[in-house]
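Notes for the one structure printed next.
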Amino acid sequence: MKLLAIETSCDETAVAILEGMGDETSARFRIRGNALLSQIEIHREFGGVFPAVAKREHAKNLVPLLEAALAEAELLKEDTQSFSDEVRNQVSALLEREPELDEAFFASLREMEKPDIDCICVTAGPGLAPALWVGVNFAKALSLVWDVPIVAVNHMEGHILSALAQSDAEELRIEGLQLPILALLISGGHTELVLMKEWLSYELIGQTKDDAVGEAFDKVARMMGLPYPGGPEISKLAEQDREDFSTMPFSLPRPMMNDATCDFSFSGLKTAVLYLIKEHGELSEIEKDQLSREFEDAVTDVLWAKTSKALEETGASTLVLGGGVSANTHIRRVFMEKVAQQHPQVALRIPANELTTDNAVMIGLAGYFHALKKEFADPARFEANGNLSLA
Ligand code: KG4
Ligand code: ZN
């Protein structure tokens, strides 16, 4: 099955083309085309993601990325197409709020042969609603013009499946999975533990009561005068301090670490950093490294404590780390060590580095399994949903 996947939930615009074979007992994927544009540099100016700007950038980038992904997959063939007034009007109504995209859409599709695609997978949520809508409407327009079905994909399921996929030089493989699977999803908008007891069916085990982990990284980085996104910046400084092996002068709380639930809270930790900086005054370079390390340690301790508790309570056979924060070197290292020591029977799956942050390949992976089950969305009805949840 050939899939065209589209992701626009936050600050990455991405289009990928995948070829999928098999079912969940043994599935294989070839990535035929993968085009991605990150808006990080643009949002850095604002110190965070600005929804209206994200939306505008997605609208500008989708057509060129579609062409790039199709070309890489050798599916971009020149041809002259004509569209009936009815199709034109329907598409224009869909893209009414993105006139620039409407124009680029027809300029491009008029000159290309309908590509050999069986299904369009698009992120329907969660994420920034204005950003999601651009991708959803674009997918609907393509579906209309090419008469290809759509799968509405949950972005978090994409993060889970990209962590379950193992890659070698040629392909991604999803096979030999032992259920139940516990997933710790940590990103800019999410911090949750979800359990997949049966294939693609989820139960929420725990979640943050306030800030998401990525959000805490970004806010603390901002307090320390570091650029957006703060996660990788803090990670860099913390790693520096681990190498230097300095004596730690700072001590931060580990909120909710020992309570009875599998829930999290990170806003108190963030506030503790704020007060610490206020009291301490300007931080030297080495103190920034030290504070980064202590913050990263506090976050990691809490994440591990809750995950370990959830592993015990659920008896999960597989543990998955997913979401942008799972790119963090220290979190990965600690989870690998602790799983091996404390839960040796559990298989740990961590996404390949290039699949940790938002991308369209993961949307294609998740979409594929729903397409196999013919779980297609009704283009006339389905909507982007910024708060879409897994369970
Ligand atoms: O999944 P993602 O790309 O977008 C969302 O769906 O939110 O996650 C982005 C988040 C940001 O908060 C960013 O600071 C964080 O992931 N992040 C990291 C690292 N790389 C990205 N946090 C900690 N350490 C990292 N290395
Ligand atoms: Zn994400």
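Figures for the structure shown
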item: Candidate set from region 25-48 (those that are at pLDDT below 95 and among the charged types (D, E, K, R)); member that is surrounded by the fewest Cβ atoms within 10 Å (Cβ to Cβ); result: 41
item: Only listed residue being more than 15 Å from ligand 2 (Cβ to nearest atom), closer than 16 Å to residue 166 by Cα and touching a residue at least 60 places away in the same chain (Cβ under 8 Å), chosen from 316, 347; result: 347
item: Sole residue being surrounded by fewer than 24 Cβ atoms within 10 Å (Cβ to Cβ), outside the structural domain of residue 36 (by TED's automatic domain parsing) and over 17 Å from the mean Cα position of the chain (by Cα), chosen from 97, 173, 88, 110; result: 173
item: Filtered residues of region 179-208 (kept if crowded, with 24+ Cβ neighbours inside 10 Å, under 15 Å from residue 161 (Cβ atoms) and among the hydroxyl-bearing types (Ser, Thr, Tyr)); result: 187
item: Filter result for the condition that a residue is more than 16 Å from ligand 2 (Cβ to nearest atom) and among the hydroxyl-bearing types (Ser, Thr, Tyr), over 201, 162, 187; result: 201
item: Qualifying residue in region 318-326 (condition: surrounded by fewer than 18 Cβ atoms within 10 Å (Cβ to Cβ) and either closer than 24 Å to residue 178 by Cβ or in contact with a helix residue (DSSP H, G or I) (Cβ under 9 Å, 6 or more places away or on another chain) (or both)); result: no
item: Some residue of region 218-240 being farther than 27 Å from residue 356 by Cβ, more than 26 Å from the chain's Cα centre (by Cα) and open to solvent by 40 Å² or more (accessible area, probe 1.4 Å); result: no
item: Contacts under 6 angstrom Cβ, first residue in region 1-17 being assigned by TED's automatic domain parsing to the domain that holds residue 153 and within 16 Å of ligand 2 (Cβ to nearest atom), partner polar (S, T, N, Q) and in a strand (DSSP E or B), 6 or more apart; result: 7/123; 9/123; 12/38; 16/34
item: Among (1) part of a loop (DSSP other than H, G, I, E, B); (2) out of contact with any Phe, Trp or Tyr (no Cβ under 9 Å at 6 or more places or on another chain); (3) open to solvent by less than 30 Å² (accessible area, probe 1.4 Å), the one test that residue 80 misses; result: (3)
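The values are calculated or read from the model by the stated rules, or taken from the named source; none is laboratory data. A quick note: this is a predicted structure, and the numbers were derived from the prediction, not measured. So basically every Cβ, Gly included, is an ideal-geometry build from the backbone, and we count neighbours across all protein chains shown. SASA here: full protein model, heavy atoms, side chains in, ligands and nucleic acids out. Shrake-Rupley method; radii C 1.70, N 1.55, O 1.52, S 1.80 Å.
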